Amino acid sequence: MIELYITMTGKSFSPKDQWQKMGRYRKAFNNKAEAMEYLRDTYGKSKRGGMYRDTKDGKTIKIGYVIGFRNADYSHAPVQHWIQQDWVEFRECKTIELSLERGGLTL
């Protein structure tokens, strides 16, 4: 199973403003192809760059995407506009077997 950890960040168009975390959510998929299809459907042709993590040996590995786009809230006046970046991390999840015998986990 593949999970996407999506962290939403945003800021106004002012260069002096700071990026703020707006929320985080998680979506699960059966495989990587389904997750990629979700990203295409959700973000379309939004600008995306790689998201990387450092390894213990000093190298980097690509773990996801940073997807940037302009967003707005039209639900009230005046309309608020902002720049949004969603940090999308791919994670592989697998079920583990727990022993419920003596010495195992007691619930």
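Evaluation of ASN71 against the conditions (1) without any contact (Cβ under 8 Å) to a residue 60 or more places away in the chain; (2) surrounded by 11 or more Cβ atoms within 10 Å (Cβ to Cβ) shows that the sole unmet condition is (1). Would you check which residues across region 6-35 are surrounded by 11 or more Cβ atoms within 10 Å (Cβ to Cβ), over 15 Å from the mean Cα position of the chain (by Cα) and hydrophobic (A, V, I, L, M, F, W, C) and list them? If the condition is that a residue be surrounded by 11 or more Cβ atoms within 10 Å (Cβ to Cβ), over 15 Å from the mean Cα position of the chain (by Cα) and hydrophobic (A, V, I, L, M, F, W, C), then TRP19 is the only one that fits.
Could you list all residues from region 23-52 that are in contact with a Ser or Thr (Cβ under 6 Å, 6 or more places away or on another chain) and either within 15 Å of ARG70 (Cβ to Cβ) or of a type in the set (Ser, Thr, Tyr) (or both)?
From region 23-52, those in contact with a Ser or Thr (Cβ under 6 Å, 6 or more places away or on another chain) are 24, 52; that's our starting set.
Listed by number, the list holds a single entry, TYR52.
Check whether at least one residue in region 85-102 is hydroxyl-bearing (Ser, Thr, Tyr) and over 21 Å from TYR5 (Cβ atoms), and report yes or no.
If we filter region 85-102 for residues that are hydroxyl-bearing (Ser, Thr, Tyr), which is where we start, we get 95, 99.
Narrowing further to those that are over 21 Å from TYR5 (Cβ atoms): 99.
Yes, region 85-102 contains at least one residue that is hydroxyl-bearing (Ser, Thr, Tyr) and over 21 Å from TYR5 (Cβ atoms).
Look at region 27-53: where a residue is without any contact (Cβ under 8 Å) to a residue 24 or more places away in the chain and over 23 Å from THR95 (Cα atoms) and a partner is hydroxyl-bearing (Ser, Thr, Tyr) and loosely packed, with under 11 Cβ neighbours inside 10 Å, sitting 6+ places away or on another chain with Cβ atoms under 6 Å, you get TYR52/THR60.
Bear in mind these aren't lab numbers, they're just calculated from the coordinates by the rules spelled out. This one's a predicted model, so the numbers in the text were calculated from it and none came from an experiment. Please note: Cβ atoms are built from the backbone with ideal geometry, for glycine as well, and neighbour counts cover all protein chains shown.
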